[in-house]
1. I'd like the isolated cysteines in the chain, meaning no second cysteine's beta-carbon lies under 4.7 angstrom from theirs.
2. What does the C-alpha gyration tensor say about the overall shape of region 23-149? Classify as rounded when a/c is under 1.5, otherwise prolate if a/b is larger than b/c, or oblate.
3. Rounded to the nearest 0.05, what FRET efficiency do Glu297 and Arg214 give with R0 = 25 Å and r taken as the Cβ-Cβ distance? Could you check?
4. Hey, rough spin-label estimate for Glu239 and Glu62, points 7 angstrom out along Cα→Cβ, what's it come to in nanometres?
5. Using a 7 Å offset from the Cα along the Cα-to-Cβ direction at both Asp202 and Ala264, what is the distance between the two label points in nm, to one decimal?
6. Would you work out which of Ile255, Asn235, Ala170 lies farthest towards the positive end of the dipole of region 137-304? Charges go on Cβ: Lys and Arg +1, Asp and Glu -1.
7. Using the crude model of +1 on Lys and Arg Cβ and -1 on Asp and Glu Cβ, and no other charge, please compute the dipole size for the chain relative to its Cα centre, in debye to 20.
8. Can you compute the modelled spin-label distance between Glu54 and Val94, with each label point 7 Å from Cα toward Cβ, in nm?
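Every read-out reported here was derived from the displayed coordinates using simple, explicitly stated rules and does not represent laboratory data. The shown structure was predicted, so the numbers you read here are calculated from the model rather than taken from an experiment. A quick note on method: Cβ atoms are made from the backbone with ideal geometry, for glycine too, and the neighbour counts reach across all protein chains shown.
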Amino acid sequence: MGDRDPKKDIYILGIESSCDETAASVVRNGRDVLSNIISSQIDIHTVYGGVVPEIASRLHCENINGVIRLALSEAGMDFSDIDALAVTAGPGLVGALLIGVSEAKALSYAIRKPLVAVHHIEGHVAANYISHKELEPPYVCLIVSGGHTHLCLVKDFESYEIIGRSVDDAVGEAFDKVARAIGLGYPGGPKIDRAAKDGNADSIDFPIGEVRDRPYDFTFSGLKSAVLNHINRANMTGEGVNVPDIAASFQRAAITPLVDRTIACAKERGIDVVALAGGVSANSELRRRMKEACEAEGISCCYPEPVFCTDNAAMIAAAAYHRYLAGELAGLDLNAAPNLKLGMSLEV
């Protein structure tokens, strides 16, 4: 957008529907949230122990128009005030993504506003720009969610280098499976976080996963298996299952490599800022330990407010801002990309 007036505020309407939240938000200049509406389906999917894709898609269809209207109303705006639309195009559940993408394309055509396609994980990273308005690249970002565990160098607002990733389960998936195994149910992350506060993190020596010759990669399948084996042994021997102790010990073993490898990466790359992103970044123990480790090394630590850690549309609008300024717009042939990798083109 080379002819844009640099003094003019830019208002972007973001739309997010990649999983089980239908969300819309208006964000000014990529940092200031004027509205952030989230219609969560969590109570419905809890009955099934996880997200049911077909149900999620139907509920997105039912809710998306109302959520967008409410986001505009809360921001005190209408479609004519919006400079661009932004939508999550991937990764995620294909049916859920298609609802948001179809809605965004229809609106783009109807109101004659440009459309920006956003990578969902790039959105999680951009949530930090909302909570930390002074934050600018370069920095090291640990992205932790139910589907992703990535350690990356954010080189610029639109440029990422993935330095490490999970070779098997994402850490959020491990939280969910362990929570289910010890009877806490879904969603596992916040329930383990709460249960662990009453437990002894040193009571059970669960293994910390390492990947040979890949110092910045992660593995959580062995940890998950160790927890399941411990539960089986406890039940067979009659000693019983101490839920808070298991939760705290598991959480310690899961968080330790996240913190240690993030700090090591920042030191090796000479980066003095570390950020957290994704749903698991709301975990209170991860925040505490990462902040403590950063302070010990003279590194700044930042993470989004809890409401911007889980899926929301404000982060999508924030991520779209710099792409909009660079003229990186999507056409009406945009399609959902459920398996999109970070750094891949969203062009179709």
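1. Among the cysteines of the chain, those whose Cβ sits 4.7 Å or more from every other are Cys19, Cys61, Cys141, Cys152, Cys265, Cys302, Cys309.
2. oblate
3. Taking R0 as 25 Å, the efficiency between Glu297 and Arg214 is 0.65.
4. Taking the simple label geometry, Glu239 and Glu62 are separated by 4.7 nm.
5. So the two model labels end up 2.3 nm from each other.
6. Toward the positive end, the furthest listed residue is Asn235.
7. Its charge dipole is roughly 120 debye.
8. Label-label distance for Glu54 and Val94, simple model: 1.5 nm.
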